[in-house]
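Heads up: the structure comes next, in structure tokens.
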Amino acid sequence: MITSKIISNGILRALTTILVVGIILYFLYEIQTVIVYLCISLILCLIANPLVQFLKNKLKFGNSLAATTTIIVFILTMIGFIFLFVPLIISQANNLSLLDTNHLQAQFLEAEKSIETYFNIPHVDLNKVLKESKITSMLSFSYFTGFINSILGFVADMGMGLVSVFFITFFFIKDQDNFKSTARKILPDNNEDKIINSVTKINHFLTRYFIGLLLQLTVVFILYLIVLMIFGNRNAFVIAFLCAILNIIPYIGPIIGTVLAGLLTMISMIGSDFQTEILPKTIYVIIGFMIVQAIDNNISQPIISSKSVNSHPLEIFLITLISGITFGIVGMIIAIPVFTMVKVILKEFFPDNKIVSVLTERI
């Protein structure tokens, strides 16, 4: 018989559970930066795993020396990227400093009239639209100072973040064997083997995935570089690299990269004739980038992603699409790794389930 005491105890336990869960979620929210550092360090460890194994097995490095060497490689790679971008920033700044705004405006208005005449489009007075929208009156100098302060704060946080990530990564690489032995001591005996097997398989598949991702970005980078070099784009190497990195973001990243390539192409040609040189070359670059994206989306990306995590290309597409709709850009980036982890865990703990066996038959 259900009594008032049983009901009150049930309500009390439910409230206690909600309170505990709320406290845990609030705590995780407060340390979200640390969680991000840990995730980035884990990804770096997975990417570095083949190098670490080579240093240990082939060159007979100890754990500390292998970890130190790997961190040095990461730091040198990061420094190399910084030196790659410095020339681009300097050159674009010089181009902007030489910008003849009156001449550029005249060329733009002339091109606008030509397009309107050719396509029989009604003329739109942009100056009148801007004045009527009163956008200029809403601008405040405080916005610019706040923007600069946010950039300085971002640089400072990024410096601290890099130090933290490299420090955590060093110990992840150095003590990974100790972490495994310690985990065996605290895991429940009845599920110890399943958990260890899951972690081992996840490590294997995610290592393959991130290496496959690097391979995909390399292919895209080479194709972007070819397009930019064909049309004589300045700083083609750096622009191609930056746009290839944006391909990490599925679907949206390539669009941003294409727009960025078009803008940098226009800026690099400031001083040339807008109609006969700047506009045609920008259009050609954009078309070239769209062709590269078509190749990547339909050939390299599905093949590399599916092979690295042993999933069907349609699975990859649907999971990425659903994650993007549900969780936005972050969801699209982490969709494949999380989906792979879930599949491995389900197969290890529920191998006899028919649905699980169908979903994990490739693993």
Is one or more of the residues making up the range 335-347 without any contact (Cβ under 8 Å) to a residue 24 or more places away in the chain and polar (S, T, N, Q)? no
Looking only at the range 305-313, decide whether some residue is under 17 Å from the mean Cα position of the chain (by Cα), assigned to a helix (DSSP H, G or I) and not polar (S, T, N, Q). no
When the residues of the range 47-92 are filtered to those that are small (Gly, Ala, Ser) and surrounded by 11 or more Cβ atoms within 10 Å (Cβ to Cβ), which remaining residue is modelled with the lowest pLDDT? SER91
Mind checking whether some residue in the range 294-310 is at pLDDT 80 or above and open to solvent by 20 Å² or more (accessible area, probe 1.4 Å)? yes
Would you check if VAL238 is open to solvent by less than 70 Å² (accessible area, probe 1.4 Å), β-branched (Val, Ile, Thr) and at pLDDT 85 or above? no
Restricting to the range 200-235, count the residues that are within 16 Å of ILE336 (Cα to Cα) and either in contact with a Gly (Cβ under 8 Å, 6 or more places away or on another chain) or without any contact (Cβ under 8 Å) to a residue 24 or more places away in the chain (or both). 1
How many residues does the range 150-179 contain that are assigned to a helix (DSSP H, G or I) and modelled with pLDDT of 75 or more? 19
Exclusive hit being closer than 30 Å to LYS201 by Cβ, assigned to a helix (DSSP H, G or I) and open to solvent by 10 Å² or more (accessible area, probe 1.4 Å), set ILE319, ILE248, ILE287, ILE222: ILE319
Name the single residue, out of those in the range 325-345 being modelled with pLDDT of 80 or more and open to solvent by less than 60 Å² (accessible area, probe 1.4 Å), that is farthest from ILE252 (Cα to Cα). VAL344
Every pair of residues 6+ apart whose Cβ atoms lie under 8 Å, when the first sits in the range 15-38 and is part of a helix (DSSP H, G or I) while the second is modelled with pLDDT of 85 or more: TYR37/SER164; TYR37/VAL165; TYR37/ILE168; LEU38/ILE168
Only one of ILE47, ILE71 that is over 10 Å from ILE173 (Cβ atoms) and in contact with a helix residue (DSSP H, G or I) (Cβ under 6 Å, 6 or more places away or on another chain): ILE47
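The values are calculated or read from the model by the stated rules, or taken from the named source; none is laboratory data. Computed from a prediction, not measured in an experiment: that's the story for all the values here. Note that we place each Cβ from the backbone using ideal geometry, even for glycine, and neighbour counts take in every protein chain shown. Side chains included, ligands, DNA and RNA excluded: accessible areas come from the protein's heavy atoms. Shrake-Rupley method; radii C 1.70, N 1.55, O 1.52, S 1.80 Å.
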